[in-house]
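Take a look at the structure below.
The values are calculated or read from the model by the stated rules, or taken from the named source; none is laboratory data. Just so it is clear, the model here is predicted, and its values are computed rather than measured. In this analysis, Cβ positions are derived from the backbone assuming ideal geometry, glycine residues included, and neighbour counts consider all displayed protein chains.
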Amino acid sequence: MSVYPQPPELTQEELQRRNARSRALGLFLGALVILFFIVTIAKLGGNVMNRPI
Amino acid sequence: MTIAAESLETSSPSFDKERPTIAFGTARDYYELLKPRVMQLVIFTALVGMLTSPEPINPILGFASLLAIAVGAGASGCLNMWYDASIDALMDRTSKRPIPAGAVKPGEALAFGMTLSIGSVLFLGLIANWQSAAFLAFTIFFYVVIYTMWLKHWTTQNIVIGGAAGAFPPMIGYMAVTGSVSLESFLYFLLIFVWTPPHFWALALVKSKEYARAGVPMLPVIAGPDATRLQILIYSIALIPVGMAPALISHAGLLYLVVATGFGVVLAYYAFDLYRKREGDEARKAAFRLFGTSILYLFALFGARLIEQLLPLLPWSLMK
């Protein structure tokens, strides 16, 4: 038997709410990545291509 | 037991006292924590502040800056709800907010608000400049610590002084583009600052019993409804020249001047109407009418200024 406290068993409603929240969080993080990328390109401007190869 | 846990017992059918509480909040609950209606006003006024700057704005960086300012404002709203959850639970108007309703736990709201506050300030600093980021940080501090934790519970002038936090966005928007403030952006600060008391007190007049129950020293609770009506009238009359000032002593145009004058007079008229009607349903209706008109007033003035700034950018204007 585990010595750690077991997490509570979730009801159907709780599961649905948790899943919806996880999806929203995933979308938010994805949007943040895209925003950071676009803003970085906008900040760099033409210099984005200016690097030694 | 926390407010959230107490209200979970009553509002959520699936809550069980014996098991650990888990978060019930959906994305919508977290969005509500950001006070979206206040955010709309912040976005709108900060945008006008940005567009009145003489310097060109990269549209992507401008949009991102506006987003950072809006999220910073939302974060301060979230921290306000976290701190005031106990009094929100006592008032009908606020009892359905996510924390008193039990959808979001206070600790989660605190973490959410702090993360967004720090994130928005850093983001604005990195994409715009650190002056505007510092200004945004100060605004969040002012709203959460000076207004929410101190003024709101201490003085009848709470929303007068605290109103400064809601008035800063045009200056932050301008500063995000230029790194400094202008007379015009300061005049917009002044406009929102003077607009806040009649706007808020009109609502507080109707909700004074709730504020009294929650122990918040709003002006109608302490000084009484008649004194509040007089104060509303004085501020509304003062708002006419303050609203016109950006056209008279700065760069706003004729459209703005006409709208500011017209709406300023209408708002003062409704304030006078509220001053006269002191009893019963008529008084209540007059208060709601003034409250609604005050929102329209601000959107009309900033909308007019926005149109003035955007018209020259339209394709047919560029062809001239």
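For region B:271-281, which residues satisfy the criterion of being surrounded by 13 or more Cβ atoms within 10 Å (Cβ to Cβ) and in a helix (DSSP H, G or I)? Hits for region B:271-281 are B:Ala271, B:Phe272, B:Asp273, B:Leu274, B:Tyr275. Any residue at all in region B:207-225 that is touching a helix residue (DSSP H, G or I) at 6+ places or on another chain (Cβ under 7 Å), over 20 Å from B:Asp92 (Cβ atoms) and of a type in the set (Val, Ile, Thr)? No, because not a single residue in region B:207-225 is touching a helix residue (DSSP H, G or I) at 6+ places or on another chain (Cβ under 7 Å), over 20 Å from B:Asp92 (Cβ atoms) and of a type in the set (Val, Ile, Thr).
Quick one: how many residues across region A:16-53 are under 19 Å from the mean Cα position of the chain (by Cα) and either facing chain B (nearest Cβ under 8 Å) or within 30 Å of B:Ala103 (Cβ to Cβ) (or both)?
23
Beta carbons closer than 6 Å, at least 6 apart along the sequence or on distinct chains, pair a first residue in region B:205-217 that is free of Cβ contacts under 8 Å to residues at least 12 places away in the same chain with a second that is among the aliphatic types (A, V, I, L, M) for B:Ala212/B:Val221. Taking the conditions (1) closer than 30 Å to B:Gly25 by Cα; (2) more than 8 Å from chain B (Cβ to nearest Cβ); (3) not in a helix (DSSP H, G or I) in turn, A:Pro8 satisfies each one other than (2).
Scanning region B:21-59 for residues that are touching a residue at least 40 places away in the same chain (Cβ under 8 Å) and not in a helix (DSSP H, G or I) turns up B:Thr21, B:Ala23, B:Phe24, B:Gly25, B:Thr26, B:Leu34, B:Lys35, B:Thr52, B:Ser53, B:Pro54, B:Glu55, B:Ile57.
Highlighted here are the helices (runs of 4 or more DSSP H) found entirely within region B:165-268 that include at least 3 residues which are more than 30 Å from B:Leu61 (Cα to Cα): B:183-206, B:208-214, B:219-222, B:225-248. Could you please let me know if B:Ala137 is touching a helix residue (DSSP H, G or I) at 6+ places or on another chain (Cβ under 7 Å), surrounded by fewer than 23 Cβ atoms within 10 Å (Cβ to Cβ) and in the same structural domain as B:Thr115 (by TED's automatic domain parsing)? The answer is yes for B:Ala137.
Among the residues of region B:106-134, those identified as at pLDDT 95 or above, surrounded by fewer than 19 Cβ atoms within 10 Å (Cβ to Cβ) and part of a helix (DSSP H, G or I) are B:Leu110, B:Ala111, B:Met114, B:Thr115, B:Ile118, B:Gly119, B:Leu122, B:Gly125, B:Leu126, B:Trp130, B:Gln131, B:Ala134. Residues in region B:217-241 that are closer than 20 Å to B:Leu151 by Cα and buried (at least 23 other Cβ atoms within 10 Å of the Cβ): B:Met218, B:Leu219, B:Pro220, B:Thr228, B:Ile232. Any residue at all in region B:63-83 that is touching a residue at least 60 places away in the same chain (Cβ under 8 Å), within 14 Å of chain A (Cβ to nearest Cβ) and outside any helix (DSSP H, G or I)? Scanning region B:63-83, I find no residue that is touching a residue at least 60 places away in the same chain (Cβ under 8 Å), within 14 Å of chain A (Cβ to nearest Cβ) and outside any helix (DSSP H, G or I), so the answer is no.
Of everything listed in (1) in contact (Cβ under 8 Å) with a residue 60 or more places away in the chain; (2) within 30 Å of B:Leu90 (Cβ to Cβ); (3) within 17 Å of the chain's Cα centre (by Cα), the single unmet condition for B:His153 is (3).
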